[in-house]
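Before any comments, here is the structure.
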Amino acid sequence: MSAGDNSGPAARRRAVASGRESARPEATGGGATPPETAARESTSPAKPPTGAGRLWRRADEAAGGLAADLVLYALSTAFAAVTAATSTLLPHRAWGSVAAVGYLVATVAVLGQLLVRRRRPDSPLAGVTGRAVLVALTWAGTALLPLVWQAVERAGGRLDRAQEEVVVVEHAGARLLEHGTPYLGRDAIAALPVDERLLGYTPYQPGMAIFGLPRAVAGDAWWTDARVWFAVGTAAALVGAVLLLRRPPRSTAPEPSVALPAGALVRAVQLATVLPVCALTLATGGDDLPVLALCLLALACAARDRYLGAGLAVGLAAALKLFAWPVMLVLLVHAVVRSRPQPGRPARWSVGPQFAVAALGLPVLALVPAQLVDSAALVENVLRFPLGDGLVTSPAQSPFPGYLIAQALPGGRGIATALLVGAGLLIAVVLVRRPPRTAASVALFCGYGLLTAILLMPATRFGYLLYPVAFLAWAPALRTPDPRPTSGTAATALATAS
C-alpha cells in the first residue's frame, strides 16, 4: 500500500476522528448534548444479546421457532389435562377438558411443521405464516371454544360455568344502567346475606361495567355473557397492535433497519393468547384480558410514534382496572422523554401533553358519574376492599412471598405492605434516573415492575402473572428499527442513532 493511499485503516480512523471533532458542541450558550453522551443515551435497541439473553434467543429461534412452539404446546397439553382432572374449580375443570384437546392438536401440528421444514425449509407452512395461523387456531380451540361452550351452558341454567368476576361485572352493568353507578355502598353490601357479600363488591374501575351492559339490556343469552365481550375487546386490541407493529415507524420508515427475529411478533401474540394462564383466564373469568390487550396496543402505538393513540388505549385500560395505572405512568415518563430534543431531531413538545390528556382524562371521566352518584360506594369498592378493609376479604390467596409473609409472620401484612411500598419507591427512583427511551424498554420496565409487585402483594392471584409474562414477551416485537447512517462520518451516525 502506498503512502498516498486514502482507503486504508489509518485513513478511515482519521475520517472518524474528524467526524467526531466536527460534532463537538460550540462553546456558546448552554451547549448541545455531546455526541458521545447522545450515543450512550441512544434509543437504539440493536445491542446484541449476551449471556442468558443469547441462550434464550437461541432456544426461541431453534428450528425457526418451532422447537419452542412444540415445548409450549406439549406442556400446555399436560397442564390442561391436569387441570381437568384435579382442579377444585368447576369452570377450570370444564376449560381443561376442552383445552387439552386443542393443545394436543397444536402439538401434533407442530410436529408436522417440523417434518415439512426438514424437507422444504422455505415452505410457508413451516415459517412465520404457518406458525401465526396455528396460534390463531389454537387460541380459538383453547380459549374461545371453551368460553362459548361455558356461556351456552350457563345460559341454559348451569350455575357452575363462570367464575365470580363474571357475575360481578354483569351485576355492575345492571346497576350502572339502573342507578348510574356500578357500586353498592357499604350499608347495602352489609344487608346482603353473608355468603353473597363478596359478589356485592366491584373492585374494578367504573368502565369495567360496560362489559355487563349486554346482559342488563338483552337478558340471559350466551352472547350476552360478559366473557364474550371480554374476548371481543381483547381480539380487537390485539389485532390493532399487530397491524401497527407490522408497519415501519413513521419517523424512520425510509431507513434500513436492524434485523429482528422474524417470529418475534408471533411469539409475542402466542404468549398473550394461547399461554394457559391467558386462555384459562379468558374462558372462565376474562376481565384481565381486555386490560392487558389495551396496554399492549398502547405500547405498539408508542413504538410507532403514535402517542395520542397510546394515551387513548392505556386510558381505556386504566378506566377498566387499576392494574393499567402503573403502565400508564411508565408510558407517561417515556412520552415526556420522547418530547425532548433528540440528536438530529427537533423537540416535539406536544407529545407529552397529548399522551397525558388522553391517558389521564379517560379514567378520570369514567370516575365522575360514580363520584357524583355515591362517592362513599366508590371508595368502598375501589380502595377499601382491595386494601383489605372491606366487610369481606379478597379470595386472592396464591402462595407468593407477599401472601406467605402476611400469613406466617406476626404483623406479616404490615411487613408485606412495607416491602411492596419499598419496592415501588425503588422502581420510582430508577424510573426517574433512567427513564425508558423506547417502547421496548417500557415493556421491560412494566414486566419486571409488575412481577415484583405481584410477588410482594399480601393478596394476589396466580393469574395476574399474565401481565408481566406478556409485557416481557412483547419487548422484542416492540423494538424500533435502528436507522443506519447515511454518510460516512461518525457525527451523522450519532445524530441518527435515536
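Derivation of every value follows stated rules applied to the coordinates shown; laboratory data play no part. These figures come from a predicted structure and were not determined experimentally. Note that we place each Cβ from the backbone using ideal geometry, even for glycine, and neighbour counts take in every protein chain shown.
Any idea how far the Cα center of region 271-330 sits from the one of region 148-183, in Å?
Their Cα centres are 22 Å away from one another.
How high is the relative contact order of region 59-161, in percent, counting Cα pairs under 8 Å that sit 6 or more residues apart?
Averaging sequence separation for qualifying contacts and normalising by length gives 27 percent for region 59-161.
Simple spin-label model, 7 Å along Cα-to-Cβ: ALA140 to ALA376 in nm?
With each label point 7 Å from Cα toward Cβ, the separation is 5.2 nm.
Using a cut-off of under 13 Å, list every residue of region 440-480 whose amide N is near the label point 7 Å from the Cα of ARG54 along the Cα-to-beta-carbon line.
In region 440-480, the label zone of ARG54 (backbone N under 13 Å from the point 7 Å along Cα→Cβ) covers no residue.
Please give the length that would be gained between LEU391 and ARG93 if that part of the chain were fully extended, namely 0.36 nm times their separation in residues minus their C-alpha to C-alpha distance (nm, one decimal).
104.3 nm
With charges only on Cβ, +1 for K and R and -1 for D and E, what is the dipole size of region 300-450 about its Cα centre, in debye, rounded to 20?
Using only the charged Cβ atoms, the result is roughly 800 debye.
For region 263-347, rounded, prolate or oblate, judged on the Cα gyration tensor with a ≥ b ≥ c (square roots of eigenvalues), a/c < 1.5 rounded, else prolate if a/b > b/c?
Oblate.
What distance in nm separates the two pseudo spin-label positions at VAL71 and PHE462, each 7 Å out from Cα along the beta-carbon direction?
Modelled inter-label distance: 2.1 nm.
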